[in-house]
Amino acid sequence: MENLTRILLLVCFAVLSEGSDLTGSVFTFPTLGRVDHVTLTPAGRKPLSQASLCLRFYTDQTTQSPCFFSLATATFTNAFLLCRMEGGFFRIHVGTASADFTGFTYNLNGWNSVCVTWDEEDVSQFFINGQASVRKLALMRQGWKIPTDHLIIVGQDQDRYGGGFQTKNAFIGHLTDVHMWDHVISPCAVQQFMDELSIQPGNYLNWQSLKFETHGRAKVEKKQLLLTGKQLLNC
């Protein structure tokens, strides 16, 4: 009996360690406020000297400055941050530096595919719906790395480590296919993500094996077929 209990505990631990397969699901953020967000736990924390992030969002927001992804440390609250700013442009923060990407439109009430990369030379690039930005410098001191004590959330901006949320940074809508890598992915990998083709999942955050915790009214839901732009069958 004791051995059986140990086996069951090991199985449960293995399942929890692997995370959840969220294929075909979305994170839903239904309210504008300072509570709703989702905490994501990477497979194993490590210092990051470069990174890539891809995700898809669906919204009708045209005002405020909603943030999709926020990685904060005790020292750097904007260690790696992606927001759509008031005025319609996108901003990437890396440590105390930032880069703005202008001239892009995005779909309202339709899916948008986004990727960002940050390399060891502090150069960032932004991609949305098959379009690529120019490469821009977001300069930190030479050799700077994102420390290991980081906390990752989606749907809000951490103005302090694990909190400091503001209504103006709340995202309303749906997020899906969130992947993060500890390196710069290739332009071909970006294009495959944009085209919704099979990709090598993120080795830091993997939507197909994700450990997460919802807060407030944020929740996990099945992706509605209507949200793909396709007709529902058998209605």
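The values are calculated or read from the model by the stated rules, or taken from the named source; none is laboratory data. What you are looking at is a predicted structure, and each value in this text was computed from that prediction instead of being measured. So basically every Cβ, Gly included, is an ideal-geometry build from the backbone, and we count neighbours across all protein chains shown. The area values use the complete protein model at the heavy-atom level, side chains included, leaving out ligands, DNA and RNA. Shrake-Rupley method; radii C 1.70, N 1.55, O 1.52, S 1.80 Å.
When the listed pairs Lys136/Lys219; Lys46/Lys168; Lys136/Lys222; Lys168/Lys219; Lys145/Lys219 are checked against a 28 Å cut-off, the alpha-carbon distance exceeds it for Lys136/Lys219; Lys46/Lys168; Lys136/Lys222; Lys145/Lys219. The 3J(HN,Hα) values that the Karplus relation (6.51, -1.76, 1.60; θ = phi - 60°) gives for the stretch 80-96 are, in residue order, 7, 9, 10, 9, 9, 8, 4, x, x, 8, 10, 10, 10, 9, 9, x, 9 Hz. Gly and Pro appear as x.
Ligands, DNA and RNA aside, Asp21 has an accessible area near 100 Å² when probed at 1.4 Å. Residue by residue, the stretch 37-51 carries 3J(HN,Hα) couplings of 6, 10, 8, 10, 10, x, 4, x, 5, 7, x, 10, 9, 6, 6 Hz when phi is fed to the Karplus relation 6.51 cos²θ - 1.76 cosθ + 1.60 (θ = phi - 60°); x denotes Gly or Pro.
Residues whose amide H falls under 5 Å from that of Gly110, counting only those 5 or more places apart or on a different chain, are Thr59, with hydrogens built in the peptide plane.
Of the listed residues Thr31, Thr39, the order by accessible area with a 1.4 Å probe, largest first, is Thr31, Thr39.
In the context of the full set of protein chains, residues of the chain present 50 Å² of accessible surface per residue (probe radius 1.4 Å, heavy atoms only).
Quick check on the stretch 111-235: take the gyration tensor over C-alpha atoms, sort the square-rooted eigenvalues as a ≥ b ≥ c, and tell me if it's rounded (a/c under 1.5), prolate or oblate. Oblate is the answer for the stretch 111-235, as a/c is 1.5 or above yet b/c matches or exceeds a/b. Taking the accessible area of the chain, probe 1.4 Å, and keeping the other protein chains in place, the carbon and sulfur fraction comes to 52%. Once backbone amide H atoms are built at 1.01 Å from N, Lys46 has no partners under 5 Å, excluding neighbours fewer than 5 places away on the same chain. Derived scalar couplings between HN and Hα for the stretch 106-123 equal 9, 7, 8, 6, x, 6, 10, 9, 10, 9, 9, 10, 9, 9, 5, 9, 6, 9 Hz in order, rounded to whole Hz, by the Karplus curve 6.51 cos²θ - 1.76 cosθ + 1.60 (θ = phi - 60°), x for Gly and Pro. Shape call for the stretch 64-185 from the C-alpha gyration tensor, a ≥ b ≥ c root eigenvalues: rounded (a/c under 1.5), prolate (a/b greater than b/c) or oblate? The shape class here is oblate. Of Cys54, Cys188, the residue with the largest accessible area leads and the full order is Cys188, Cys54 (1.4 Å probe). About the centre of its Cα atoms, the stretch 25-227 shows a dipole size close to 320 debye [charges on the beta carbon of Lys, Arg (+1) and Asp, Glu (-1) only; nearest 20 debye]. Counting only heavy atoms of the protein chains and using a 1.4 Å probe, Leu197 has close to 100 Å² of accessible surface. For Ser25, the residues whose amide H sits under 5 Å from its own are Lys223, ignoring neighbours fewer than 5 places away on the same chain, with H placed 1.01 Å from N. So I have (1) 1.24; (2) 1.02; (3) 1.52, and one of them is Cα Rg over 2.2 N^0.38 Å calculated from this model. Which one is it? Entry (2). Rounded if a/c is under 1.5, else prolate if a/b is larger than b/c, else oblate: which is the stretch 36-117, with a ≥ b ≥ c the root eigenvalues of its Cα gyration tensor? It is prolate, given that a/c is not under 1.5 and a/b is the larger ratio.
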